[in-house]
Each structure stands twice: as C-alpha cells, then as structure tokens.
Amino acid sequence: MSTVVKRSLSKSESKLVMAYMYVAFISLFIGATAGLLQTLERSGKFTLPSFISYYQILTVHGVILGLVLTTFFILGFMLSAQSKTTGGYNKTERLLAWTSFYVMLTGVIMATVMILMNEATVLYTFYAPLQAHVIFYIGLALVIVGSWIDGFVIFKRHARFRKENPGERTPLLSYMAVITMLMWQIASIGVAVTVVGQTIPWALGWVDGINVLLSRTLFWYFGHPLVYFWLLPAYMMWYAIMPKIIGGKIFSDSLARFTFILLLLFSIPVGFHHQLTEPGIDPFWKYIQVILTMVVVVPSMMTAFSLFATFEARGRELGARGLFGWVKKLPWKDARFFAPFVGMLFFIPGGAGGIINASNQMNQVIHNTIWVTGHFHLTAATSVMLTFFGIAYWLIPSLTGRQYTPAMNRLAILQTVLWAVGMTIMSTSMHWQGLLGAPRRSAYSEYLGNADTAAWGSYQIAQAVGGSILFIGMIVMLVIFINLAFFAPKGSTEYPVAKVNKLEAQPPKVFENWPLWIGLTLALVLFAYTIPLIDIIQNAPPGAKGFKLW
Ligand code: HAS
C-alpha cells in the first residue's frame, strides 16, 4: 500500500522555509558547542587551547545563537505561518523571500569568518570602543537589511489578503507576523544607524573617534525589541497554535491582537533599562523608560491570563473538576504540547527576574553580574527555545512530507526534560552567583579571597554540569531534526492552526488601522528618545565628535 505524501505548504514554499531551518539548526550546533566550551572554561577546571580565546567563543555563542539562529528560525516560521493561513505567496513574494535569505546568508558568512579569524572578538553587542574588522559590521548590516526584505513580503501578503477578502477577519497568525516585523523594522533602524553612521566609518579609519554613549544608546534602542523579536513568535505559537494541539479553541482572537498591539507600542521606548548604571543619560529619562518597561510587562500578564483560560476551558470541556483539575487533562505525552508548556513555566521566574532587572535600585545589584546571563537563559534560551523546538517537531515533517513518529515524540519528551534539568541547574547557579557579585562575560570569576567569592567555584562547576546536560539536549534535538528532515517515514503531518471561538465577535476594525499604530509607536519613540539623544550628542566629550554629529 502506498503512503500519501502531503506537505502542509506547496513544494516551492516548503523548500524556502526549510532553507531557513537548515541555517537555524546548523547555528544551534555551532552556538551550543561554543556554550559548552564557555561553561567548561569558566569552571576553572579546563583551559581552552591557546589559539582560541574565551571572548572569541563567547562572540560565536552570542552572535550565532542570539542573532543568526533566532532570525532564521523566526523568519522561516513566520513565512510558513502566513503562507499557511493566507493561501500562499505569489511568485514575486517568493522571489523576494529568497533574496532576503541569500542577503542574510551572505552577511552571516562574512560576520562568521571574521569571528573565526579573531578579527571580530567584540561579543554580540559589539560595544565600542571594542572594534571589529569592517567586514563584520557590513555582514551584520546585511543580515538586518535582508530581514527587512522578508518584512516587506509579510506586509505585502497581509495587504493582499485584505484586498482580496474585503470585510473578512485577517488570519491571526498573519496579523501577528505583521506586528512582529513592524516592531523589528522600526527597532532595527537604530542598529543600522549606529553601524552605518558610526561604526563602519570608524572601523575604516575615516574618523578617529566614536561617540560611545550614542552607539550604546542606539544599540539598546534596538536591543530590547530584539528580545521581543525572539519572544513574539513564541507568543504566536502559544496563542494561535497551542489551542489546536490541546484540542481547544483560541480563547480570544481580539485579546491576542490587542496584546500584540501593546507589544508593538511599548517594546521599543525602553532601551534605557539596559543602561541604568551608565553615566551621561539624564535620570529623568531613565525613570520614564523604567515606567514604560513596567507597562510592557502588562501584555505578558495578559498572555499568561489568556493561556490559563485556554488550558482551563479545554480541561473543563474534557470533564475536569475543581480549581486545578484541568491540569490533569492536558496532553502531557505529546511533545508538541509538552516542550512549549515547559517553556511557559520557565517564563514565570524568567519574567519575574526581568521585573527585578528593570527596578532601578535592584538593577544596581545585578547589573553586569552573571545574574543577567541567568535571566536570559530562562527567557530566551528556555521559554523561547523550547517553544521553537516544539514548533520544529511538527513544522519540519509537515514541510518535508514525513511523519512525526511516536519514537521521535518520545525522544522529544526526553529532549525537553534534559533541557529543563540542564537549564534549572545552570541558570539557578548563575542567578545565585550573580547575587554574590560574580561578573558576567568574564572567564575569570575565580575565588578572590573573601567570603563572598568563596562559593563561586562551586557555582561555576554547577554551571558546567548544567551546560553539559544542555549540550546533550542539543545533540538530541539535532538527531530529531535530521530524522524529521531526511529519514522519518514518508507521509503527512498536520500544521496545527487553532480556530477562533464561533461566538466571538469580529475584532474591532481599528486593529487594522496601521497608520494609527505606526504613528503611535513613533510618537512614543520620539517622546522617550528625542531629548536624551540631543543631550548625548551635544554633550559628547571632544574625542567622541570625530564625525561631527556622530
Ligand atoms: Fe530581559 C536583560 C528586563 C523579558 C532577554 N533580557 C536581558 C538580556 C537579554 C534579555 C538577552 O530591565 C541581556 C542583554 C545583554 O546582553 O546585556 N526582560 C526584562 C523585562 C522583561 C524581560 C521587564 N528578557 C525578556 C525576554 C527575553 C529577555 C522575554 C528574551 C526572550 N532584561 C530586563 C532588563 C535587563 C534585561 C532590565 C538589563 C539588565 C542589566 O542590567 O543588564 C519582561 O518582558 C518580562 C515579562 C514576563 C512576564 C511573565 C509572563 C508569564 C507567562 C507564562 C505563563 C505560564 C503559563 C503556564 C500559562 C511577566 C506569559 C502555567 C501553567 C501552570 C500549570 C502553572
């Protein structure tokens, strides 16, 4: 009997999305291997070979995981979700998406070669006055410009859907992809300005100075929305795909759209919460941006509420009783549910840590300590990554026309457990060691001879243990990916998209009023940044004025 091979997208679009996925999973391997080496070096028990420096490895880890894996996975996933729910791309849109892919890939290769040649050991934030080879900066600029092209594909397809289906509700996943890319485009202008206007001329020797504070401020104008660029696709999965996996319905389509609007408005004007300890920025504007940071916590709280409601409603539908009876009714043995769910659980302490970070006085305690590294390993490396892994379990076989087999599902459950255990050990010890004052981004967090630092060594060993478990988890993930891409039995796997509750009214028309939301976003950005930026430029020290304004 022949098996029916059915892809969730057309063959050409499956190929397109898979191209993004290959880059993402190769990046996972390179970046996570660098991570293992870091934890081993920090443990004080291993020494890297003399031709590799700790900071070079740390740059590989940050750039390849934080910028390359995420960007390729996210764009691939969003293209797939939009194509699935709008009815596919036309030839021009596909061509543009391929152009975007190749522009980004060229940039990645340029940046990676420079890092490997030790010409760009500047970490993923490439703070001046650390200086890299100009090819590294041009490479990063290409990644950004390439991603913009995909953004335009997503905007264009959404607009085409509205034109072709007047009066109809736009698909939720397409709407969310538009918001994510709008946020990304507006935010990445900051990093593009600093790279093109400041860093490249400086790296080429055209100017002999750089306004460091300005470059850091433009970086963090982009840096916080960058972390939301990682989070929003996970939210897309939690809101619009997870309900289908558990057999339920979207709790509220309008609430989900409203959450994304709030995330667009408030994700950008908050970069100063990464610069609370930096001199040269007026405390009043730091205070304003801390308030805005607390505002951007609200849509995440709304998301938590919405998810609880989705789970509870489904549990009760299946006959659950009592306050928490619904927990038992969730499909614990299905890794497509289990992996993202564990990601959500980790987001509770991860989010709480973020609120601590953003609270000015507490930030003085944890800033530049390894606590911060613990924070983003909970949020980005667990909540987001486990969700991305959970997506990969069905997305890859659905694109390659293969089956998600029970054997792979068991391996995926094991992967989730390994990741959760490894991350609990590593991240908890990072948080504790950070509270004891251990610095981040340093290979030298050794015992310094006083009571506080006496315990550092044991925390570092715990981090190496956690890091090693994570490394095994990464290998298991790659085994699953390779199996689902090339070896799983031919067949079909569902691309799960949840339906809206029939009783729910149409979302308010104003949600599609893009000039309004873009205008409000820009207004908030101008409010939060205009005066401090003028201040930073006007009061720059003489050496920082190499390039007149910059
Ligand atoms: Fe952060 C530093 C503040 C979220 C990533 N953050 C970083 C850095 C990274 C990062 C990479 O204010 C380091 C950058 C560097 O290299 O220097 N962060 C926040 C705040 C939030 C936050 C307020 N961060 C994230 C997310 C990230 C991320 C998300 C990646 C994806 N962060 C900071 C600050 C710093 C910082 C300061 C600078 C520190 C310094 O001094 O350097 C918030 O958005 C968090 C809101 C989240 C919540 C949680 C909601 C919970 C949900 C799950 C529900 C669970 C369910 C399941 C339903 C309020 C949605 C439960 C079921 C049961 C049965 C129980």
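Summary table below
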{"read-out": "Mean Cβ neighbour count within 10 Å, used as a protection proxy, ranking 189-199, 432-442 highest first", "value": "189-199, 432-442"}
{"read-out": "Extreme residue, positive dipole direction of the chain, given options S300, S14, T416 (C-beta unit charges)", "value": "S14"}
{"read-out": "Area accessible to solvent at F284, 1.4 Å probe radius, in Å²", "value": "110"}
{"read-out": "Built amide H within the under 5 Å cut-off of T369, gap 5+", "value": "R440"}
{"read-out": "Net lengthening on full extension, I482/K509 (0.36 nm per residue, minus Cα-Cα)", "value": "5.4 nm"}
{"read-out": "Chain lengthening between A407 and R160 when straightened (0.36 nm per residue, less Cα-Cα)", "value": "84.8 nm"}
{"read-out": "Pair S442, I52: separation of 7 Å Cα→Cβ label points (nm)", "value": "2.3"}
{"read-out": "Under 5 Å, built H, 5+ apart or other chain: amide partners of V5", "value": "none"}
{"read-out": "Hits among lysines - C-alpha to C-alpha of K11 under 22 Å, sequence gap 8 or more where chains match", "value": "K84, K91, K156, K490"}
{"read-out": "At R0 = 22 Å, FRET efficiency that the Cβ-Cβ distance of N368 and K45 yields, to 0.05", "value": "0.35"}
{"read-out": "Accessible surface of region 224-382, 1.4 Å probe, proportion on carbon and sulfur as whole %", "value": "71"}
{"read-out": "Total formal charge among the other residues, if their Cβ is under 9 angstrom from that of G491, Lys/Arg +1 and Asp/Glu -1", "value": "+3"}
{"read-out": "Region 345-454 pair-distance distribution - Cα-Cα, 5 Å bins, rounded %", "value": "2, 11, 17, 18, 14, 12, 9, 7, 5, 3, 1, 0, 0"}
{"read-out": "All aspartates and glutamates inside 18 Å of K163 as judged from Cα atoms, apart from same-chain residues fewer than 8 positions distant", "value": "E93, E512"}
{"read-out": "Net length gained if the chain between F308 and W332 were fully extended (0.36 nm per residue, minus Cα distance)", "value": "7.1 nm"}
{"read-out": "Given charges at beta-carbon only (K, R positive; D, E negative), |dipole| of the chain in Debye", "value": "1840"}
{"read-out": "FRET E, pair S12, K499, Förster distance 35 Å, beta-carbon r, rounded to 0.05", "value": "0.80"}
{"read-out": "Heavy-atom surface of the chain, accessible at 1.4 Å and reported per residue (Å²)", "value": "40"}
{"read-out": "Helix 212-240 vs. the chain, principal-axis angle (Cα, 0 to 90°, nearest 10)", "value": "20"}
{"read-out": "Sequence-separation-based contact order of region 1-132, relative, with Cα cut under 8 Å and 6+ spacing, percent", "value": "32"}
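The values are calculated or read from the model by the stated rules, or taken from the named source; none is laboratory data. Since this is a predicted model, take the numbers as computed values, not measurements. Note that we place each Cβ from the backbone using ideal geometry, even for glycine, and neighbour counts take in every protein chain shown. When the accessible area is computed, the model is the full protein with side chains, heavy atoms only, and any ligands, DNA or RNA have been set aside. Shrake-Rupley method; radii C 1.70, N 1.55, O 1.52, S 1.80 Å.
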